[in-house]
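The structure under discussion appears below in the form of structure tokens.
The values are calculated or read from the model by the stated rules, or taken from the named source; none is laboratory data. Here the structure is a predicted model, which means the values were calculated and not measured. No Cβ is skipped: glycine too gets one built from the backbone with ideal geometry, and neighbour counts run over all protein chains shown.
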Amino acid sequence: MFQIKKKNFFNLKILKFFLITPILFSIPVFININEAKAGLEFQWDQESGYRRLKWFQKENQRKFRNTIYFFFRPSDRKDEILKINLAIPKSFKTKLKKENISLCRVRIGGFDTRTKCIENIPADIEIKEDNSSLDFYPYRPIPYNKDSFAIVLRVFNPRKTGLYQFHSYGQYIGKSDSSYLGSWTIVID
């Protein structure tokens, strides 16, 4: 009888160990939640025609003042561009003002340099009433050379967090219609 009690006591101890240990190890994980800073990008359109373009934003928190650079690198252009259309997602609810939107020649920053507009490109900018797109008509065509260009938006981030996908279309010299240039997917936390 003594051996049976001892055996039950030992089994109960092992059972407690296996039940309580996972709880004790998971408590620090729940208390110390850190944001993941992974370089993951989600794309809606999985077709081969999708072109992911580079972008940079200074602030990714919701309702913060932000400067977003949408880059057109030399590899993103096939020829001189007469017109650029930027399609804005419907869920990206923010006020757009012409004085806070620009087109410029840009130096793309890296590890030791900052992203900076070098020269503003004079252009007519049209904003649709429902803020669904922006049209840029540069006074001179955007040249096809080794320089990078950017559309710069100085806006307040929307209230909702999430992924926002912007699409761009451009009209090349000698073409009568616009063609797809690429897309940017920005993140607001």
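Considering only the range 133-142, I want to know if a residue exists there that is among the β-branched types (Val, Ile, Thr) and under 22 Å from the mean Cα position of the chain (by Cα).
no
From 87, 123, which residue is in the same structural domain as residue 165 (by TED's automatic domain parsing), hydrophobic (A, V, I, L, M, F, W, C) and under 22 Å from residue 157 (Cα atoms)?
From the options 87, 123, the qualifying one is 87.
Confirm whether residue 75 is assigned by TED's automatic domain parsing to the domain that holds residue 150, assigned to a loop (DSSP other than H, G, I, E, B), among the small types (Gly, Ala, Ser) and at pLDDT below 95.
No: the conditions fail for residue 75.
Take the range 78-127 and flag every residue that is part of a strand (DSSP E or B) and touching a residue at least 60 places away in the same chain (Cβ under 8 Å).
81, 82, 83, 84, 85, 86, 87
Which of the residues that make up the range 90-106 are at pLDDT below 95 and either within 18 Å of the chain's Cα centre (by Cα) or surrounded by 16 or more Cβ atoms within 10 Å (Cβ to Cβ) (or both)?
Residues satisfying the conditions are 90, 91, 92, 93, 94, 96.
Sort out which residues of the range 128-140 are outside any loop (DSSP other than H, G, I, E, B) and either free of Cβ contacts under 8 Å to residues at least 40 places away in the same chain or closer than 25 Å to residue 162 by Cβ (or both), and write them in order of number.
Residues satisfying the conditions are 133, 134.
If you take the residues of the range 145-158 that are closer than 20 Å to residue 105 by Cα and part of a loop (DSSP other than H, G, I, E, B), which of them is farthest from the chain's Cα centre (by Cα)?
Looking at the filtered set, the residue picked out is 145.
Among the residues of the range 130-189, write down those that are surrounded by 14 or more Cβ atoms within 10 Å (Cβ to Cβ) and in contact with a helix residue (DSSP H, G or I) (Cβ under 8 Å, 6 or more places away or on another chain).
Once the filter is applied, which keeps residues that are surrounded by 14 or more Cβ atoms within 10 Å (Cβ to Cβ) and in contact with a helix residue (DSSP H, G or I) (Cβ under 8 Å, 6 or more places away or on another chain), the range 130-189 yields 144, 147, 148, 153, 154, 155, 181, 182.
Quick one: in the range 159-189, which of the residues that are under 13 Å from the mean Cα position of the chain (by Cα) and part of a loop (DSSP other than H, G, I, E, B) is farthest from residue 135 (Cα to Cα)?
189
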